[in-house]
Amino acid sequence: GLDTLLPERWSIEVTEDTPPRVIFQAADLAELASNAQLNLRGTATDDLGLVAVRARLQVVGDEATSAASLSIWKASQADDSSSATEQPREFNIDAHWSIAQAGSFVAGQHVAVWLEACDSSGQWSQSQVQEFSIREQHELIESIQEKQNQLLTQVRELVDTQRRNVQLFSRAWELAHQAKKLQRDQIDLFRNSAQVQRAVAERLGGSTAAQ
């Protein structure tokens, strides 16, 4: 008779290739001068590998004009097309884009900016969209100064509040000490808390002095 060898059996699990995930870090200011440098920061990730990352910019409401594009990174390939370099699964985005290179803008316009990433299967994904208003340079400087003044006022109010807290805490300590009803652990707690209060007040005072 004949001996027949059965072929080996393999178990294959098929998983879905999910599109990339792109995160666009929120900008510090939502206002730009027409010649400003836009900072682009974020991350792009993919389960199999990334091949390209880019930024897009479009005037809000102008759907007829294609969005401007800035190539941030693109995977390179060896001369032999069959051997591509290893594709990263995560890419940290840290780039700058001159607004003037993307187009000609005037004060009063609003532009939408987002990031896009492509995986090895050709799937593109985009981040959340951030909108920026174009301002005249002198208006932008005034807006920044106003925000700085508001922040400085808030810090000064915090300093005044902290100083009042220190005074109230010191008064409470004196009254409790005069009553002579505190245990040793309560006294230590009062002293430690007083040191923290003074340290915070000195730190806040130093911040305002530096301003």
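Side notes on the structure shown:
- Carbon and sulfur %, accessible surface of region 76-168 computed with the full protein complex present, 1.4 Å: 44 percent
- Overall, the accessible surface of region 27-74 at a probe of 1.4 angstrom is composed of carbon and sulfur to the extent of 46 percent.
- Heavy atoms of the protein chains alone define the surface here; on that basis region 80-139 has 57 Å² accessible area per residue at 1.4 Å probe size.
- Most positive-pole-ward Cα, 36, 15, 57, against dipole of region 4-68 from beta carbon charges: 36
- Listed peptides 109-119, 129-139, 145-155, 53-63 by packing density, highest first (mean Cβ within 10 Å): 109-119, 53-63, 129-139, 145-155
- Separation of the residue 141 and residue 124 label points, Cα + 7 Å toward Cβ, nm: 3.9 nm
- Pairs of Cα atoms nearer than 8 Å and 6+ residues apart set the relative contact order; for region 30-142 it is 39 percent.
The values are calculated or read from the model by the stated rules, or taken from the named source; none is laboratory data. Computed from a predicted model, the values in this text were never measured in an experiment. Cβ: placed from backbone, ideal geometry, glycine included. Neighbour counts: every protein chain shown. With ligands, DNA and RNA removed, areas are computed over all heavy atoms of the protein, side chains included. Shrake-Rupley method; radii C 1.70, N 1.55, O 1.52, S 1.80 Å.
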